[in-house]
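One structure is given here, and the rest of the page talks about it.
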Amino acid sequence: MSQAFFNGLSGLMSFSKGLDQVSNNVSNMNTPGFKSKDVFYRNVVGGNGTQVAGESYRDEQGEIRQTGNQTDVAIQGEGYFILRKDGEQYYTRSGQFSFDDDYYLVDPSSGARVAGLDGAGNLVDISIAEHRFLQPELTTEIEFKGNLSIEADSHTIQEIAVFNELGERVVYTIEFSDKTAVVTTETNAQGEEVDTPTGEITWRVEVKDADGAVNGSGILKFNSDGTISEDTTEFEFRPGTADDDADESSPIKLNLSEITGYATGSSSDISAASKDGHQLAGLVSIDIQSDGEIKLNYSNGDDKTIDHLALANFSNMSQLRQVDGSLFVASPGAEVMVGQAGSAEFGDLLGGSLELSNVDLAEEFADMMIIQRGYQASSRVLNVANELIETLYNTVR
C-alpha cells in the first residue's frame, strides 16, 4: 500500500516537471534563437515509480522573419554564431546583433562580442572603428570614351571632377582644338616640293582649370582609319599652374586609348570621367552577405568588405548546454567545427532577418494534455490508496 503512495507521488512530481518545461517552451515561442526542449521519463531503480530521465533540445529550424535591421542575421540551415566574452566562448542561433559604443559587433543581451574570421581563418572580434570613414583618395586617371569627329572643328568637355590629396573636388575643362591634317612633303618629277595628305589627323588637347588657366596640354593623333595612334594614347598633367607649384602636385593621367576619330558630321560624343579618387566618405549602411561577408557601404557610393561572420557546428545538440537565454556552451571534449557560411557543414546567412524559436504550439498543447491526464491519474492513485488505508483502519477499530 505504501508503495502505491510513493508511485503516485513520483508521478505527480515527474509530470509537474514536464509541465514546467512545456510552460517554458510556450513562454519563449517568440524568443529569437530559442530551442525548445522535450522531457523524458524513466522507471525508478527497482521498478517502482517514475522520475525525469533528462531533457533534449529540438534541433528543428525556427521560423525566419525579416526585421529590416541591417545588423540582424539569421542562419538558414546548420550552424551557430560564435560569441566571446571574458575568455569564454558561447554559441547561439539568435542573430540579434548591434554595434556597441566601441564599434564592436555584439550580442546586446549578454554583451559578448560576435566572432568573425579574418583572411587567415582566425577568430577575431568584428569592429568597424577603423572603417567608419573612407579617407580621401586623389584622382590618378581620367578615362575618355566616344568619338571625336574629324569633321568638327573643336570639342569641349565641361566639368570633369577630380579629387586632390585633401579630398577637395576640383573641376576641369578639356578642349580639343587646332585640328590639323598631317601631310608629307615629296618632290615631284619637275623637282617641285608637293604636300601629300597622309590621312592622319592631329588635335591639340588642353586641360584648363576653373579660371581658364592651362594646366596641361598634348597632341592627339588619329590614324587614317580613324583609330588612335598608339604613341598619343595618354599623357599627364599636374593640377595647378606654374605659379601654383604644379610640379609638386601628383600627376593625373589622361587615358585616351578608347576614343576614335571617325567622320560623324559636326557632332562628337566623346566624354570623360575620373576613374578613381573620392572625398571623405562616411559609412551609411552595412550588408551581411549569404556567405557571412560583411559589406560596408559609404556615402560616395563606394563599398568595402571586412571579416566574415564565423559559424560553429556540432555533430549533435547533446554536446551543447544552455547557460543563459539563447546562449549555449560546448560540453567538455566536444568537437567544434568552425568555418564560413555556405560551406559543406554550414547553412547560408540571411541579413536583416531573425530566426525565431522552434516552438511548435500544436506539439506543446498535445504534451500538456498528456501531462494533465498523467497527473490526474497519479492523483487518482493517491486517492484510491488513501481510501484503502482508511478502510483498513476502520476494520481494526
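The values are calculated or read from the model by the stated rules, or taken from the named source; none is laboratory data. Source: prediction; values computed, not measured. Reconstructed Cβ throughout: ideal geometry from the backbone, glycine too, with neighbour counts over all protein chains shown.
When you check Gln76 against the structure, is it assigned by TED's automatic domain parsing to the domain that holds Ser326 and at negative phi, yes or no?
Considered against the rule, which asks whether it is assigned by TED's automatic domain parsing to the domain that holds Ser326 and at negative phi, Gln76 comes out as yes.
What tally of residues in region 71-86 results from selecting those that are of a type in the set (S, T, N, Q) and assigned to a loop (DSSP other than H, G, I, E, B)?
Residues that pass the stated criteria total 1.
Name the residues in region 24-54 that are in contact with a Leu (Cβ under 7 Å, 6 or more places away or on another chain) and hydroxyl-bearing (Ser, Thr, Tyr), would you?
Matches in region 24-54: none.
Is there a residue in region 13-21 that is farther than 13 Å from Gly325 by Cα, of a type in the set (D, E, K, R) and under 41 Å from the mean Cα position of the chain (by Cα)?
yes
The rows are residues; the columns are (1) of a type in the set (Gly, Ala, Ser); (2) more than 30 Å from Gln279 (Cα to Cα); (3) within 20 Å of the chain's Cα centre (by Cα).
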| site | (1), (2), (3) |
| --- | --- |
| Asp118 | no, no, yes |
| Gly121 | yes, yes, yes |
| Ser127 | yes, no, yes |
| His131 | no, no, yes |
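Please verify whether Gly62 is closer than 30 Å to Ser110 by Cβ, surrounded by fewer than 13 Cβ atoms within 10 Å (Cβ to Cβ) and either touching an Asp or Glu at 6+ places or on another chain (Cβ under 7 Å) or without any contact (Cβ under 8 Å) to a residue 60 or more places away in the chain (or both), treating the condition exactly as stated.
no
Just one of the numbered conditions (1) among the hydroxyl-bearing types (Ser, Thr, Tyr); (2) over 16 Å from Leu309 (Cα atoms); (3) free of Cβ contacts under 8 Å to residues at least 60 places away in the same chain is not true of Ser98; which one?
(2)
Say we look at region 275-289 and pick out the residues that are in contact (Cβ under 8 Å) with a residue 24 or more places away in the chain and touching a Phe, Trp or Tyr at 6+ places or on another chain (Cβ under 8 Å); which of these is farthest from Ser353 (Cα to Cα)?
Gly277
How many residues, within region 105-147, are closer than 30 Å to Glu168 by Cα and in a loop (DSSP other than H, G, I, E, B)?
Within region 105-147, residues that are closer than 30 Å to Glu168 by Cα and in a loop (DSSP other than H, G, I, E, B) number 10.
Of these, Ala115, Ala120, Ala129, which one is under 30 Å from Ala312 (Cα atoms), at pLDDT 90 or above and exposed (fewer than 14 other Cβ atoms within 10 Å of the Cβ)?
It is Ala129.
Would you check which residues across region 321-375 are assigned to a strand (DSSP E or B) and in contact with a helix residue (DSSP H, G or I) (Cβ under 9 Å, 6 or more places away or on another chain) and list them?
Answer for region 321-375, where residues must be assigned to a strand (DSSP E or B) and in contact with a helix residue (DSSP H, G or I) (Cβ under 9 Å, 6 or more places away or on another chain): Phe328, Ala330.
Out of all the residues in region 147-159, is one or more surrounded by fewer than 18 Cβ atoms within 10 Å (Cβ to Cβ), touching a residue at least 12 places away in the same chain (Cβ under 8 Å) and within 30 Å of Phe99 (Cα to Cα)?
no
Give region 33-70 a look and list any residue that's assigned to a loop (DSSP other than H, G, I, E, B) and farther than 22 Å from Gln319 by Cβ, or say none.
Val44, Val45, Gly46, Gly47, Asn48, Gly49, Glu63, Thr67, Gly68, Asn69, Gln70
Would you check if Val22 is in a strand (DSSP E or B) and either modelled with pLDDT of 85 or more or closer than 30 Å to Val124 by Cα (or both)?
For Val22, the condition - in a strand (DSSP E or B) and either modelled with pLDDT of 85 or more or closer than 30 Å to Val124 by Cα (or both) - is not met.
Check region 308-320 and report whether any residue there is of a type outside the set (Gly, Ala, Ser), over 25 Å from Asn122 (Cα atoms) and part of a strand (DSSP E or B).
no
Give the residues of region 144-166 that are over 20 Å from Thr233 (Cα atoms) and charged (D, E, K, R), sorted by residue number.
The answer is Glu151, Asp153, Glu159, Glu165.
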